[in-house]
Amino acid sequence: MSDAAVTALIPLAHVQSMTSAVSFYEKLGLEVINSVTPEGEEEPTWALMRSGRAEIMLAQASNPVVAAQQAVLFYTYTPDISVTHAALRTAGLSPGQIGRPFYNPGGEFRLTDPDGYVVYVAQI
């Protein structure tokens, strides 16, 4: 690996409501490890969330977030797809059915976050 190689990549998603977005990703097991709340504001405008090697940054959008224009998919991984699927249903989310496509015989399902971003949960 060259000295100029990128060694980490963390997606940043613009969101309409930091509270809703943080709550959604907390149900996936991520925790806020850093955030910025500007002086005079009650809600952060930026947050970094993490669970193991999974990380995402959230930033308050300055314009409406249009779900149909979100051209990125977030893939997350879990060791037990059935347990995670059941836990997310219990947490009040609506995970799609578990599918087993040829490229992922362990299974995967789809979620949509409050801003329309597609989050896939796949078994590793």
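No lab work stands behind these numbers, since they all come straight from the coordinates. Predicted model, so just to flag it, every value in this text is computed and none were measured. For neighbour counting, all protein chains shown are included, and Cβ atoms are generated from backbone atoms with ideal geometry for every residue, glycine included.
Centre-to-centre separation between the Cα atoms of the stretch 38-103 and those of the stretch 1-22: 12 Å.
If R0 is 30 Å, what FRET efficiency do you get for VAL83 and GLU39 from their C-beta distance, rounded to 0.05? Please list the in-between numbers first.
Values: r = 42 Å, r/R0 = 1.41.
The value I calculate is 0.10.
Considering only the Cα atoms of the stretch 1-73, their convex hull presents on average a projected area of 6.8 nm².
Taking packing as the residue-averaged number of other Cβ atoms within 10 angstrom, the listed peptides 38-50, 76-88, 13-25 run from highest to lowest as 13-25, 76-88, 38-50.
Residue by residue, the stretch 5-19 carries 3J(HN,Hα) couplings of 5, 6, 10, 7, 9, 10, x, 10, 10, 7, 10, 6, 10, 4, 4 Hz when phi is fed to the Karplus relation 6.51 cos²θ - 1.76 cosθ + 1.60 (θ = phi - 60°); x denotes Gly or Pro. Annotation for THR7 and LYS27: the two label points, set 7 Å from Cα along the Cα-Cβ direction, are 3.6 nm apart.
Two numbers describe the Cα atoms of the stretch 12-123: Rg and Dmax, which are 14.6, 51 Å. The antiparallel fraction among DSSP beta bridges confined to the stretch 1-91 stands at about 75%. Relative to the dominant Cα principal axis of the chain, helix 81-90 is inclined by about 50°.
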